[in-house]
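*Asks:* Questions regarding the structure given below will be posed in turn.
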């Protein structure tokens, strides 16, 4: 069978008249031919390196939604021209060439009919033996040494290695060196010579690629972000200890959960979701003898501090949750986690008649910011207002789904905030003070903090306002250095008390005491305006659209239609007018109060009674 590599080697031998030099010439030719592929892989790795900060942000932003994370990553890769398979091409081609080289060498040996293939006193047709020391050992030794040198340069120069931690690079180096040694000991010395030459030439290729496209110059910011995200040895040790403790805790809690006789289960991804269940849980505890089992993926969920005989919490990570959900036996599972029967959140295979209840976590429209299928597999939806009923029925009609039970349940978080606000006004009635503005952006991409915070602050500072900037908790977690930079830029306003950056989210004082809210597409506008009856100003940053087919519903989107009723909206280019607009909103506060009261009556079911409505429904379903 014709072997093209054997033919090339034969021609190289005819050209130089020496087997060793023929192999070295062949190695140079291979590197020249593969250089375009190496260049493409290098540039592709650079693209990935630059994308690291954005990818890290995505992992946090979509930590609870793997499907959305993969979708967003693929969109980003397509937009930036990154293809993960491009980086594998040089390796795949090199392995194919090595296999062909091995066949060519054996073909050479067969042609020589046992004759020697001399090069510098060595027979390249012989195979070094690990258990039989000989001069041929020089080939495996050189293969290992050059592998160490190549890995050193790769760690220092390669974009892929720069984006990895020390442990990953060390592991790759150890594997490469051991493989190089072993490979050179089990193949003819000529193949080991080729491999050695490939390592040396690989160093020169790296130097050329870095001279053309230096990752340290082109991705300085990305490298800084990657290094900042890496954990110190102490942090790694602490993280490892914590993971071991959590694994033991998860195992014990999962066993308790499976053994418990459960009729009602609440499921939460994070500790922040308890507030959406609180009014219902409080009502059930006060008006029934139902034991409430609460499964949380957050080991630090505050629900564990509230545990008693009636509220029993359990911790399990998302992976473990998948198996627990498949084996679940209960009458009702209630949650505010979307996407039933996708990723880790599946319907039970152990009990087919569980009623799965979805509890809405905000008055915003469901058909814009949630995937179209997010609610399809639930049996019951607790709707906050009539728009949710219309949206759910429209989705059923469009997708040919059976009709769900839609409960006019209201919004529990509104009830809690409204009650707390009423108590606040009794304890601290309004007194004359400078107007207060709360700036509270969303967490979606291109929010106010990322896109136009300077424009917002420059339009407000110097007009007699007290300005409170309250970033989203996830933004604070991810971008603490950026917040510090903003504080430094506005140090004078901070020192004067005119500007405050609030990163403690345990209370609602800023919401209760502010005269105007400035936000983008955050649901906090509903909480602020609905509870305080004060106006919100919306900055028209890019709208978050999770369902690309939202317009086909033919229904208004509350997030859009109420922007001009709860207050006013401004484009980013119009932010120079923000100070004047804020003053006008404050002056018209009473008019907005009357208008917002009517909006609450129209768009919110049973204000103040959501816990009772939801609790009675669950009690009725369990007893029936």
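*Asks:* Among the residues of segment 348-366, how many are surrounded by 18 or more Cβ atoms within 10 Å (Cβ to Cβ) and over 16 Å from residue 404 (Cα atoms)?
*Replies:* Final tally of qualifying residues: 5.
*Asks:* When you go through (1) buried (at least 20 other Cβ atoms within 10 Å of the Cβ); (2) out of contact with any strand residue (DSSP E or B) (no Cβ under 6 Å at 6 or more places or on another chain); (3) modelled with pLDDT under 95; (4) over 11 Å from residue 440 (Cα atoms) one by one for residue 476, which number turns out not to apply?
*Replies:* Status for residue 476: all satisfied but (1).
*Asks:* Within segment 1-57, which residues are assigned to a loop (DSSP other than H, G, I, E, B) and more than 50 Å from the chain's Cα centre (by Cα)?
*Replies:* Listed by number, the residues that qualify are 1, 2, 17, 18.
*Asks:* Another one. Report whether or not residue 435 is out of contact with any helix residue (DSSP H, G or I) (no Cβ under 9 Å at 6 or more places or on another chain), under 23 Å from residue 530 (Cβ atoms) and modelled with pLDDT under 95.
*Replies:* no
*Asks:* Kindly indicate the residue of segment 59-87 that is at pLDDT 80 or above and not in a helix (DSSP H, G or I) and also surrounded by the most Cβ atoms within 10 Å (Cβ to Cβ) among those meeting that condition.
*Replies:* Going through the qualifying residues, I end up with 82.
*Asks:* When you check residue 620 against the structure, is it over 31 Å from the mean Cα position of the chain (by Cα), without any contact (Cβ under 8 Å) to a residue 24 or more places away in the chain and over 29 Å from residue 462 (Cα atoms), yes or no?
*Replies:* Judged against the criteria, residue 620 is a match.
*Asks:* Of all the residues that make up segment 479-501, how many are surrounded by 14 or more Cβ atoms within 10 Å (Cβ to Cβ), under 26 Å from residue 271 (Cβ atoms) and modelled with pLDDT under 90?
*Replies:* 3
*Asks:* Just a yes or no: is a residue in segment 601-610 surrounded by 14 or more Cβ atoms within 10 Å (Cβ to Cβ), at pLDDT 95 or above, in contact with a helix residue (DSSP H, G or I) (Cβ under 9 Å, 6 or more places away or on another chain) and in a helix (DSSP H, G or I)?
*Replies:* Scanning segment 601-610 turns up at least one residue that is surrounded by 14 or more Cβ atoms within 10 Å (Cβ to Cβ), at pLDDT 95 or above, in contact with a helix residue (DSSP H, G or I) (Cβ under 9 Å, 6 or more places away or on another chain) and in a helix (DSSP H, G or I).
*Asks:* Select the helices (runs of 4 or more DSSP H) contained entirely in segment 171-233, then report the ones holding at least 1 residues which are modelled with pLDDT of 85 or more and touching a helix residue (DSSP H, G or I) at 6+ places or on another chain (Cβ under 9 Å).
*Replies:* Fully inside segment 171-233 and qualifying: 189-212.
*Asks:* Can I ask one more? Spot the failing condition for residue 312; the list is (1) more than 21 Å from residue 378 (Cβ to Cβ); (2) assigned to a loop (DSSP other than H, G, I, E, B), and only one is missed.
*Replies:* (2)
*Asks:* Farther than 25 Å from residue 442 by Cα, surrounded by fewer than 21 Cβ atoms within 10 Å (Cβ to Cβ) and out of contact with any helix residue (DSSP H, G or I) (no Cβ under 7 Å at 6 or more places or on another chain), is that true of residue 310?
*Replies:* Judged against the criteria, residue 310 is not a match.
*Asks:* Determine if segment 532-542 includes at least one residue that is on the phi < 0 side of the Ramachandran plot, touching a residue at least 60 places away in the same chain (Cβ under 8 Å), part of a helix (DSSP H, G or I) and surrounded by 20 or more Cβ atoms within 10 Å (Cβ to Cβ).
*Replies:* yes
*Asks:* Between residues in segment 65-92 that are in the same structural domain as residue 33 (by TED's automatic domain parsing) and under 28 Å from residue 321 (Cβ atoms) and residues that are at pLDDT below 80 and part of a loop (DSSP other than H, G, I, E, B), which pairs lie under 7 Å by C-beta distance while being six or more apart or on different chains?
*Replies:* Going by the 7 Å Cβ cut-off, the qualifying pairs are 66/343; 67/343; 68/62; 69/62; 72/62.
The values are calculated or read from the model by the stated rules, or taken from the named source; none is laboratory data. No experiment lies behind these values; they were computed from the predicted model shown. Note: ideal-geometry Cβ built from the backbone for every residue, glycine included; neighbour counts use all protein chains shown.
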